[in-house]
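Below: the structure, in C-alpha cells.
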Amino acid sequence: MRTDQMRAIVSLLNITGLCILSLYLTGCASQSQSAAADDDRLPNFIVIMADDLGYGDIGVYGASLINTPHLDRMSREGIRLDSFYASANVCTPSRGGLLTGRYPIRLDLVSDVARPTNNIGLSPDEITIGGALQSLGYRTALIGKWHLGHQPERSPLRNGFNEFYGLLHSNDMHPLELYDNEVVIEDPVNQATLTERYTAKAVRFIEENQQQPFFLYLPHTMPHTPLFVSDRFEGQSQAGLYGDVVETLDWSTGEILNTLERLGLDEDTLVIFTSDNGPWFEGSSGGLRDRKGVAWEGGSRVPFIARWPSVIPPGQVSDEPTMNIDLFPTLVGLAGGELPNDRVIDGHNIMPVLRDGAPSPHEALFMFQNDRIAGVRSGQWKLVVESNYLSAVTSFDNPDSYYGPEGLLFDLQRDPSETYSYTREYPEIVARLRGYLEQAQRNLESSVLEAMWNRP
C-alpha cells in the first residue's frame, strides 16, 4: 500500500472516531439532561381510601378470610404503619381532616356527617391538598366519594380538584347520583360496578397526565353498607359479600400499581392506602376494641400502607403514632410547597417516619367524640375520658364515677385491645396526658370544649 493511501485511511479513521466520540458524548449529555430532568420532576401522589374498612381486613394486618395480594405487596415493597389514626371515627370529619391537615373541630365538622338534607360541609375558605398542589402546577382529580357537602360552593371542582367523578354522599343516602364533573350521568347509580368504574377512570387519569405531576385522590364508596359487588367478584372470598367487596378494592389497587409500572411512573409516585375510620356493621377491627363511631381504638385506628420504590425502603413496619391530618403537610412538603401561615395546621410532615423509621413528630394525638376530646395518644399510652356505650356517651372523668376524675389509661404496646386500665399504677403518666388534653382544650378553636370536663 502506498504511503499516500495509508495517510488517507488514517485520516478517515480519525474523522470517524471523532464522529463516534462526538455522538457518544452527545448521547451522554442527552442522558445526563434526561436524568437531570427526571431528578427535577415533582413526585406524583395517589391516595386511595376505603370507606369503613376495618384495621384487620387486610392480609398484612391479620386478615385470614380475605385475600389481598396487591395490598400485601404494597406493604412488602414499602411501609406499614400500625398506629395510624383517622382524625375522626365517622366519615365527613375524617375526610375533612385528611384533606386540610386540621382537626375536624377547627372545620366545624363535628356535629353530624354531610347529608343531602343538611348544610354541613367543608368551608370554601379551607385549603385542601388538591388546592395546595394545584398552585404548584399539579393536575388533580377526585374519583370516588366526596362527602363534604353538596352545595355548589362545596363542589370538589371548587375545592382543589380539576376533575371529579363519583358521589357527593355515602351510598346509603338519597338521591344517589353519579357525577362526571358537575353533570349527573346516572341516577340512581348502579353500585355493583362502581368500584370498577372508579378504577377505569383513575387509570385513564394517570395515562392522560403522565407527562406532568398529578395528585389522584381515590376515596372508594365501599365497603360502607349497603354492600355491592359485580358478578366478576361475587363469591370469590371466604368472608361473604363484605370479603368480596374488599377483594375488589384490592384488585383496584393492583390495577393502579400495574398502570404506574407500565407507564414508567413507578419510581416517581408515592401511593398511599388507608381507611376513613373503623368498620361499621361488618369487618374486622383486628383485635382492637369496638368499631366505627366510638373513641376506642377500633373506631379510629386504621390501616396505612405507603409505597414509593425510589424513596421508601421496602419491608418496613412502624408503630409510631401518626394521623391522616399528616398527609397535607407531607405531600405539600414533598412538592416543594409552603404551609399556609394564616391558619393552624395540626398535622406534621411524616416523611422521616416513612423513609427513615424516625419517631413520630407528635407529642400527642387527640381522638374526638363528636365535638369533645375523648382521648389522647402519646407514645405507647392512651388516656380515654369518654366513649359511647350502648348508644349513650359515658364519661370516665367525672369525680363521682368509679374511675374519676382521671379517666382510663391504657398501654397500647402491651394491651392494644384496651382491656386493662393502669390509671392507679401510673399517676404521673395520667397527669402528663391530662395536661395535653387541657392544653388542647385551650388551643382548639371551639367554645363547646369549655364544658368538656366533669360535666353533669
Once the in-chain neighbours fewer than 8 apart are removed, the lysines whose Cα is under 23 Å from residue 201 read 145
CD proxy, 222 nm, the chain: helix-only mean residue ellipticity via -39,500 (n - 2.57) per DSSP H run with n ≥ 4, per residue, nearest 500, stands at -9500 deg cm²/dmol
Between residue 255 and residue 231, Cβ-based FRET efficiency (R0 25 Å, step 0.05) works out to 0.90
At R0 = 25 Å the Cβ-Cβ FRET efficiency linking residue 153 and residue 183, nearest 0.05, sits at 0.90
Dividing the mean separation of Cα pairs under 8 Å (6+ apart) by the residue count of the chain yields a relative contact order in percent of 21
Lys and Arg at +1, Asp and Glu at -1: neighbours of residue 318 with Cβ under 9 Å from its Cβ sum to -2
DSSP beta bridges in the chain: the antiparallel percent, rounded to 5, is 55
The answer for residue 275, listing residues at least 5 apart or on another chain whose modeled amide H is closer than 5 Å to its amide H, is 50
Answer in debye to the nearest 20: the dipole magnitude of the chain about its Cα centre, from +1 Lys/Arg and -1 Asp/Glu charges placed on Cβ, is 720
Filtering the chain for DSSP H helices with an axial alpha carbon extent of at least 30 Å and a Kyte-Doolittle mean of at least -1.0 returns 3-40, 240-262
For residue 292, the aspartates and glutamates lying under 19 Å Cα to Cα, once residues fewer than eight places off in the same chain are dropped, come out as 51, 52, 57, 82, 112, 172, 276, 282, 371, 386, 418
For residue 413 and residue 212, extending 7 Å from Cα along the Cα-Cβ vector and measuring point to point gives, in nm, a value of 4.8
Dividing the surface of the Cα convex hull of the range 103-206 by four yields a projected area in nm² of 6.9
As a Kirkwood estimate from alpha-carbon pairs, the range 196-351 has a hydrodynamic radius in angstrom of 17.7
Checked against the positive end of the charge dipole of the chain (+1 on Cβ of Lys and Arg, -1 on Cβ of Asp and Glu, about the Cα centre), the farthest of 49, 321, 174 is 321
Rg/Rh over Cα atoms for the range 365-451, Kirkwood Rh, comes to 0.94
Phi-derived 3J(HN,Hα) across the range 287-303 with the Karplus relation (6.51, -1.76, 1.60, θ = phi - 60°), rounded Hz, x for Gly and Pro, is x, 6, 7, 6, 7, 3, x, 10, 8, 5, 4, x, x, 10, 7, 9, x
Counting only residues 5 or more apart in sequence or on a different chain, those whose built amide H sits under 5 Å from that of residue 169 are 146, 147
Using alpha carbon centers only, the range 396-430 is separated from the range 207-274 by a whole-angstrom value of 40
In whole µm²/s, the translational diffusion coefficient that Stokes-Einstein assigns to the range 193-278, given a Kirkwood hydrodynamic radius over C-alpha pairs, 10 °C and 1.306 mPa s, equals 114
Expected unfolding gain across residue 431-residue 355 under the 0.36 nm per residue rule, minus the alpha-carbon gap, is 24.0 nm
Taking only the alpha carbons of the chain, the radius of gyration and the largest Cα-Cα distance, Dmax, both in angstrom, are 25.6, 116
Convex hull around the C-alpha positions of the range 58-130: the volume in Å³ per residue is 148
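Rule-based calculations on the coordinates, nothing more; no lab input. Keep in mind the model is a prediction, meaning the values are calculated, not measured. We place every Cβ from the backbone using ideal geometry, glycine too, and count neighbours over all the protein chains shown.
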